[in-house]
Amino acid sequence: MRLRGGEAVGLDAWKETLDTPAIIIDLDLLDANLERTAALAAQAGVRLRPHTKTHKSIWIAQEQLRHGASGITVAKLGEAEVMADGGMDDILIAYPIVGRLKLERLGRLLERIQVSVSVDSYEVAKGLSDLGEHMKLRVPLYVDVNSGLNRCGKEPGIETAELALAIAKLPGIRLAALMTHAGQAYSKRRADDCLEVALAEAEALLESQRVLRRLGVEVPDISVGSTPTSKFIGALAGIGVTEMRPGAYVFGDGSQLYTGLIGEDECAMRIYATVVSTPRPGTAIIDAGSKTLSNDSSAHRKGFGIIPELPDIYVERLSEEHGILSVPDGVHLQVGDQVAIIPNHCCAVTNLHDRLYGMRNGQLERMLTVDARGKVT
């Protein structure tokens, strides 16, 4: 893709010069997604702290703050360092920080900005407390609670309370929040099922908060996660949830589309690919494989993404550089044709690319650098 004479190339024109595979972001849809979720949070009286692992872009993070986000969430320390360099000054690292090297890096960040860290063990909290004592500050901690995903976090109620009580005695930290991530919502088939997960997610945290309160420990904030459950934040208004941390809402993807949580008009990301071979009837090969689309599958639809204009075709399998399309009778693709794919999982796709192409009204408006690409430490 290129600019002609310094002016943006229109949609039809750039399709002729598009160097595929390319990740296209519809900036109008992106804006609408940012506005919609910010409005949901505001109407529910809940702070929005979006997870930037979806886009890994300083510019998009700045746009999220402009739309009302109170701070950001990151998955890894390396992402936090990039975002801090980009001007973010209130960051939650939603991941346990373990080991001397990482604690030293965190210390350098704490000298610059406000950083909170999630924990689900005394051992991790003790390392953070030692750092806080050394720096003569108290590191804000989010205590992770298992609300059904069965990843990090103790069980709600007494298990979480016992951990938080032990952590609360450490001198170099302060208990800032209870948090969870209800990622199991992505496996649900109906919006009503996702609502049930959202209610259970909140209750897991509120139950833990109530137990701690009875034991004399106050943890002020309740922070819920997951894009699917964020759609129902209005149902949680007034019950004690104070913060939400969705991420994939910015681009939308198949994981949300297939369950009816969003429509195609909320899917801001498309992967443009070119047909490079039609070797046999019923098969077409595109120039986008696992290194472009990611290997993420879906529980709700076969294949590795959906082609909205040709929904009967599906991406049957992937090798590193090839996407193998299953083409039904009556549908014809030729070498040189281009297809636009909504991926199953937008977060994984972003991290595979150095830059995304931001389009508005059919014209290339800006290149979106994936600033924190590959920051996995």
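The values are calculated or read from the model by the stated rules, or taken from the named source; none is laboratory data. Source: prediction; values computed, not measured. Cβ atoms come from the backbone with ideal geometry, glycine included; neighbour counts cover every protein chain shown.
In a residue-by-residue description of the stretch 195-212, the property of being touching a Gly at 6+ places or on another chain (Cβ under 7 Å), in the same structural domain as Y314 (by TED's automatic domain parsing) and either more than 30 Å from L65 (Cα to Cα) or touching a residue at least 40 places away in the same chain (Cβ under 8 Å) (or both) applies to no position. Selection of the stretch 261-317 for residues being within 30 Å of D192 (Cα to Cα), touching a His at 6+ places or on another chain (Cβ under 8 Å) and part of a strand (DSSP E or B) yields an empty set.
Within the stretch 93-111, identify whether any single residue is over 21 Å from the mean Cα position of the chain (by Cα), assigned by TED's automatic domain parsing to the domain that holds Q209 and hydroxyl-bearing (S, T, Y), and answer yes or no. Within the stretch 93-111, none of the residues are over 21 Å from the mean Cα position of the chain (by Cα), assigned by TED's automatic domain parsing to the domain that holds Q209 and hydroxyl-bearing (S, T, Y). Exactly one residue among S255, S298 is of a type in the set (S, T, Y), closer than 26 Å to Y357 by Cβ and without any contact (Cβ under 8 Å) to a residue 60 or more places away in the chain, and that residue is S298.
Name the one entry in G216, G238 that is in contact (Cβ under 8 Å) with a residue 12 or more places away in the chain, surrounded by fewer than 16 Cβ atoms within 10 Å (Cβ to Cβ) and either of a type outside the set (S, T, N, Q) or outside any helix (DSSP H, G or I) (or both). Talk me through it step by step, then tell me what you get.
Details: G216 fails: in contact (Cβ under 8 Å) with a residue 12 or more places away in the chain.
The conditions single out G238.
For the stretch 93-140, a residue qualifies if it is surrounded by 15 or more Cβ atoms within 10 Å (Cβ to Cβ), β-branched (V, I, T) and free of Cβ contacts under 8 Å to residues at least 40 places away in the same chain, and the qualifying residues are I93, I97, I113, V115, V117, V124, V139.
Restricting the stretch 27-66 to residues that are among the charged types (D, E, K, R) and either part of a helix (DSSP H, G or I) or in the same structural domain as H353 (by TED's automatic domain parsing) (or both) leaves a set whose member that is nearest to L364 (Cα to Cα) is D28.
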